[in-house]
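Below is one structure, written out as structure tokens, with a few remarks after it.
The values are calculated or read from the model by the stated rules, or taken from the named source; none is laboratory data. Everything numeric in this text was worked out from a predicted model, so none of it was measured. As a convention, Cβ positions derive from the backbone with ideal geometry for all residues, glycine included, and neighbour counts pool all protein chains shown.
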Amino acid sequence: MIFELNNFKLFYISVDDEIYRQIGTKDSDAYYQRSCEKQLLKTKRLSYDFYRKGVNIAGLNDIICSYDGRFAPKQYKGNRGLCSDPEGNMITPYAVDKGNNKDSTMNCKCARDEYEVKVNHKAFDVWDCNGFGNYNFFQCKDQDTRCNCIDGDGSVISENIPFDAFNKYLKRNNLIRNDVCEAMADSLNEKLTNK
């Protein structure tokens with residue numbers, strides 16, 4: 001429809017309510033940025049402004065975004081690797097010192113899943129996390145009667161293992177539970193990546 005008012009043409013466009021609600025969201029805007037992308041862009045601009053003035057500021061560009069524009073599960077604050085929720089809030093108590101040999105293996109997948117269950121009420125079992133926010137490779141439920149080997153994504157990669165029998169096997173062969181399950185997970189991962 002076109003209206004005329006004092007020689008000005010006004011256009012009235014009927015907009016679907018659903019489309020109107022999407023304005024300024026990812027679905028409607030090619031330049032839409034999520035919280036991590038916005039924060040990363042701000043720090044890059046600030047860092048560049050100081051660089052132009054001859055000042056180099058360390059630590060501003062420590063933000064890591066995932067592919068979907070949210071904060072990656074692992075973030076750095078100073079010399080500490082920490083687990084983060086998708087909005088950049090730290091998930092405690094998971095942390096590791098930067099440069100520690102566990103720093104390179106820290107993936108925070110267990111911490112993220114734990115967060116999703118607690119905060120967003122996602123309905124799936126979460127196994128136990130280690131101190132770095134990763135899944136423990138050997139896990140037991142039901143008062144240690146149902147034990148399994150778990151991969152790095154929290155998926156069960158073994159049948160139920162009788163706890164007592166497995167411990168006897170480990171003791172007899174001088175093995176450590178977590179190491180056996182980790183080797184199994186690494187072997188499966190290697191087979192999948194070589195296909």
Item checked: Test: residue 125 is in a helix (DSSP H, G or I) and loosely packed, with under 15 Cβ neighbours inside 10 Å -> no
Next item on the list: Check region 55-68 and report whether any residue there is more than 10 Å from the chain's Cα centre (by Cα), farther than 22 Å from residue 153 by Cβ and in contact (Cβ under 8 Å) with a residue 40 or more places away in the chain.
Entry: no
Next item on the list: Considering every residue within region 96-118, establish whether at least one is touching a residue at least 60 places away in the same chain (Cβ under 8 Å), touching a Lys or Arg at 6+ places or on another chain (Cβ under 8 Å) and either polar (S, T, N, Q) or under 21 Å from residue 78 (Cα atoms) (or both).
Entry: no
Check: Among the residues of region 67-79, which ones are at pLDDT below 90 and not in a loop (DSSP other than H, G, I, E, B)?
Finding: 76, 77
Next item on the list: Hey, can you tell me all the residues within region 61-75 that are more than 13 Å from residue 112 (Cα to Cα) and either outside the structural domain of residue 108 (by TED's automatic domain parsing) or surrounded by 16 or more Cβ atoms within 10 Å (Cβ to Cβ) (or both)?
Entry: 63, 65, 69
Notebook entry, point to check: Among the residues of region 102-122, how many are in a loop (DSSP other than H, G, I, E, B) and either of a type outside the set (Ser, Thr, Tyr) or within 21 Å of residue 147 (Cβ to Cβ) (or both)?
Noted result: 8
Margin query: Yes or no: region 80-93 includes at least one residue that is modelled with pLDDT of 85 or more, within 14 Å of the chain's Cα centre (by Cα), in a strand (DSSP E or B) and within 23 Å of residue 184 (Cα to Cα).
Written below: no
Margin query: Checking the conditions here, which among 47, 28 is at pLDDT below 90, in a loop (DSSP other than H, G, I, E, B), surrounded by 12 or more Cβ atoms within 10 Å (Cβ to Cβ) and among the small types (Gly, Ala, Ser)?
Written below: 28
